Each structure stands twice: as structure tokens, then as C-alpha cells.
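Heads up, the thing below is written out as C-alpha cells.
The values are calculated or read from the model by the stated rules, or taken from the named source; none is laboratory data. All of these numbers come straight from a predicted model, not from anything done at the bench. Don't worry about glycine lacking a Cβ; one is built from the backbone with ideal geometry, like all the others, and counts go over all protein chains shown.
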Amino acid sequence: MQQSVTVECEIAADRRRARVGCRVEYRDEVVGEVEQVIIVPHVEADFISGRISADSPLAQALVGHVIGDAVRARTPGGTRVLTIMAVERAS
């Protein structure tokens, strides 16, 4: 049986940094689409509902970065350039 672990997103007063427990909105610079994900521990991941594992390549590319940063994420579909648009606590 898997246990659920609650992790709160820590938002610094001056800059919002993506981490586990955060909802991150980003723009894919190649296709121009805006998407949102919630970064969660692997036991809570559910790609269909937008909850991605902190261990995933996408989450690893986003974690530690702030709004306005452009990051490269290696995905099964190839490398994507993503610009972080928003970071907030996931509810």
C-alpha cells in the first residue's frame, strides 16, 4: 500500500521558485502552447490530471527555476524549450 505525502510549495517573498508541491504554468516555445502541471512526489503522480512526478524529466527541468526562466526539458518527444509563466501553491 502506498502512502500519500503532502508537500507544500514554498514561495519566497521576492521570487517564485518551482518546487515539489507547486503548480507551474509554462509556455512551450516550439509550439506556443501554454500548459500547467503540479509537481508532486512520485507516489502521487497522475499524468492525466496534470500531477507529474518530481522525478520526471519535465519536473526536473522546472524545479529550482523562477518565473521568466527558459529551461530545456528532454522528453520522449524530443527536447522542449519551456518558459515559466507562473508558479503558485497547488491547492
Enumeration of residues in segment 31-56 that are aliphatic (A, V, I, L, M) and more than 9 Å from the chain's Cα centre (by Cα)
31, 34, 43, 45, 48
Which pairs have Cβ atoms under 8 Å, sit 6 or more apart or on different chains, and link a residue in segment 69-91 that is without any contact (Cβ under 8 Å) to a residue 60 or more places away in the chain and over 18 Å from residue 53 (Cα atoms) to one that is assigned to a loop (DSSP other than H, G, I, E, B) and not basic (Lys, Arg)?
70/29; 81/29; 81/30; 83/29; 83/68; 83/69
Qualifying residues in segment 41-91 (those that are out of contact with any Phe, Trp or Tyr (no Cβ under 9 Å at 6 or more places or on another chain), of a type in the set (Val, Ile, Thr) and not in a loop (DSSP other than H, G, I, E, B)) - the one modelled with the lowest pLDDT
75
Only residues that are of a type in the set (Asp, Glu) and out of contact with any Pro (no Cβ under 9 Å at 6 or more places or on another chain): list them for segment 52-91, please.
69, 88
